[in-house]
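The values are calculated or read from the model by the stated rules, or taken from the named source; none is laboratory data. Small disclaimer: the values here were computed from a predicted structure and weren't measured. Heads up, the Cβs are rebuilt from the backbone with ideal geometry, glycines too, and the neighbour counts pull from every protein chain shown.
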Amino acid sequence: MRLSSPWSFLFGVIALISYKVFSSLREKRRQNAEATHRGCGPCPILPKKDPLGITQFRESIRATRAERGPKYVVEKMDSMGKNVHTIQVRVLDYDLNVTRDPENAKACFSSQSNDFDIGVHRTQSWKPLLGVGIFTSQGDAWKHSRALVRPQFTTQQISDLDLAERHTRDLSNKIIAGPDGWTETMQLQPLFYNFALDTVTEFLYGYSVHAQNPDARAALPTVRGMDEPNLLELGVNFDKGKRWIEERGAFYKWYWLISSKDFDHRCREIHKLVDWFVQCRLQGGEKVEDPESTDGRKKFILLNELAKDTQNPLELRNESLSLLFAGRDTAGALLGWVFYFLARNERVFNKLRTLILEQFGPSTTSEITFAQLKACTYITHVINEVFRVAAVIPLNERVAVRDTTLPRGGGPDGSQPIFIPKGRQVLIATYAMQHRADIWGDDVEDLVPERWEGRKVGFEFIPFGAGPRSCLGQQFSLMETSYVIVRFCQRFDRIENMEEPGPIRLCHAIENRSGSGVQDRLHEAAK
Ligand code: HEM
């Protein structure tokens, strides 16, 4: 008997569906048996509003677009019960776990870090921009990247306060007070992003892009075979490129559905700029650097150090670009949030300013040392508290590289371990963890830096990640943030929020920045 082709097609489809259903049931049975064998309890499953979980998926995308993504995660978890801290979510044919339990975060990042790695979705979503580097690689490739980059972040190398001073001055020069001492209402956020970009480009490449003050740009040397790069557009290209990456990441395993000519264009432009820096170094040697910033001293340039280990232009592009990507937006967002909250918390600002004036004096040209910055604990407490309330990185992720467990979240009271099959994605909801009243107290939504006095920090607060893949730029960004805080507190004695009342807007595109920016006016202290 010969089957006509429509029949063959139908049989083919039925056979494929049957195979899928059968293998999924068999896998489910295997997972249940494994869970029982490992003493795991069932993890609460977020109820679906439709059989495929599409409504949930759309809701979460809408919440992100409405600048309330991190809050949406809290609401969803609370809807399962205030004491439920780990849940399972099904979207189409895809299961993932979301946790706000510090014990589970510890397992993913540290105590069971061999069982977890970053997911292939992150790798694939980010790769068009970042290539294969420290942020996007897994396993041995990541170990290689980390070994290459890590030595560049010793205390000595990151404590170049001259770098912070010059760029803080450029930032401060953008803020002009009138005869009554007050500035106009200012949108400070772009200034902080420019500051972060200027600082990190100089740290990495020896040349600042001088986004804050384009007039200060030095003439660039000629690089054989390359056009002069467009320094002006770097910030915009980053912003737009990152939006695409975030969208791709939000689509999980369907990241490939999101692609666009604009994304390709942004990636190409950023690559052109970084390739120029790389070629400049490879052709010109170590001495090529921005004459604006040298003062005749030999200064640390990260690209020079990387180039001692590898001359591969693609590797130099990918690793340095990963750092540029990591260093600009996170640091810009953090500074933005600091001044967003200081303008809304007069008591905190006044206390901070008094302590800073005691320690550093009132002059904006006084010398600031790395040791002094570290010793001023109230600055650290303010930064920690801003991190806690706003969460610059509100969501992190890991994927199980083998069948494993997480220590908590199973059984009726969530105290039993849960089974995590190989390939399962776990979202570590740091914002949600930092907004748990049972951990932080009933004033969890308020900015209270004093809660950090004598507090031992555990996995409930991991703004820089934790374990083997923790942030390499932590000290660098804390140093530059503290530096700006000191200089601002020396120069201004009042900061006022000028934004209309309304809910906080959490604009989450990898990092979380204020969706309404930082609309403040500042008052210059009498000299
Ligand atoms: C406020 C500032 C910053 C925050 C909140 C932050 C946060 C983080 C977090 C949460 C991670 C862990 C990612 C994960 O677990 O997968 C991370 C990794 C990383 N960060 Fe940062 N970061 C900041 C600034 C910087 C700066 C200034 C640099 C460098 C110039 C930097 C370089 C890196 C690198 C290289 C990694 C990857 C480490 C690895 O995978 O081995 N970060 N950062």
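Values computed for the structure shown
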| item | result |
| --- | --- |
| Residues satisfying the stated conditions in region 208-229, i.e. surrounded by 12 or more Cβ atoms within 10 Å (Cβ to Cβ) and over 24 Å from Arg328 (Cα atoms) | Pro221, Val223, Met226 |
| Residues satisfying the stated conditions in region 507-527, i.e. within 19 Å of Leu395 (Cβ to Cβ) and within 16 Å of the ligand (Cβ to nearest atom) | Cys507, His508, Ala509, Ile510, Glu511, Asn512, Arg513, Ser514 |
| Helices (runs of 4 or more DSSP H) contained entirely in region 416-506, each with at least 1 residues that are free of Cβ contacts under 8 Å to residues at least 24 places away in the same chain and within 13 Å of the ligand (Cβ to nearest atom) | 474-491 |
| Hey, Asp215 without any contact (Cβ under 8 Å) to a residue 40 or more places away in the chain, more than 16 Å from the ligand (Cβ to nearest atom) and not hydrophobic (A, V, I, L, M, F, W, C) or not | yes |
| In region 497-524, the residues that are of a type in the set (A, V, I, L, M) and modelled with pLDDT of 90 or more | Met498, Ile504, Leu506, Val518, Leu522 |
| Answer residue from region 309-344, given it is closer than 13 Å to Phe135 by Cβ and in contact with a strand residue (DSSP E or B) (Cβ under 8 Å, 6 or more places away or on another chain) and is farthest from the ligand (Cβ to nearest atom) among those | Asp329 |
| Condition met for Phe360 (buried (at least 22 other Cβ atoms within 10 Å of the Cβ) and either basic (Lys, Arg) or over 26 Å from the mean Cα position of the chain (by Cα) (or both)) | no |
| Scan of region 62-90 for residues that are in a helix (DSSP H, G or I) and in contact (Cβ under 8 Å) with a residue 40 or more places away in the chain, ordered by number | Thr64, Gly69, Pro70, Lys71, Val73, Val74, Met77 |
| Per-region count, region 218-238, residues in contact (Cβ under 8 Å) with a residue 24 or more places away in the chain and within 30 Å of His121 (Cα to Cα) | 5 |
| Members of region 399-415 found to be of a type in the set (Lys, Arg) and assigned to a strand (DSSP E or B), listed by number | Arg408 |
| Residues (part of a helix (DSSP H, G or I) and within 12 Å of the ligand (Cβ to nearest atom)) located in region 108-138 | Cys108, Phe109, Ser110, Ser113, Arg122, Thr123, Trp126, Leu130 |
| Qualifying positions in region 447-505 - touching a helix residue (DSSP H, G or I) at 6+ places or on another chain (Cβ under 8 Å) and on the phi > 0 side of the Ramachandran plot | Gly465, Gly467 |
| Candidate set: region 31-45, residues that are of a type in the set (Gly, Ala, Ser) and outside any helix (DSSP H, G or I); chosen: the one farthest from Gln88 (Cα to Cα) | Gly39 |
| Filter pass, Arg243 being farther than 30 Å from Cys489 by Cα, in contact (Cβ under 8 Å) with a residue 24 or more places away in the chain and among the charged types (D, E, K, R) | yes |
| Helices (runs of 4 or more DSSP H) wholly inside region 178-288 containing at least 3 residues that are modelled with pLDDT under 85 and small (Gly, Ala, Ser) | 234-250 |
| Residue in region 151-159 that is on the phi < 0 side of the Ramachandran plot, out of contact with any Pro (no Cβ under 8 Å at 6 or more places or on another chain) and more than 15 Å from the ligand (Cβ to nearest atom) present | yes |
| Some residue of region 220-233 being within 15 Å of the ligand (Cβ to nearest atom) and of a type in the set (Gly, Ala, Ser) | no |
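Let's see how each residue does on (1) within 14 Å of the ligand (Cβ to nearest atom); (2) at pLDDT 95 or above; (3) surrounded by fewer than 19 Cβ atoms within 10 Å (Cβ to Cβ); (4) polar (S, T, N, Q):
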| residue | (1), (2), (3), (4) |
| --- | --- |
| Ala375 | no, no, yes, no |
| Thr380 | yes, yes, yes, yes |
| Ile383 | yes, yes, no, no |
| Arg402 | no, yes, yes, no |
| Gly409 | no, yes, no, no |
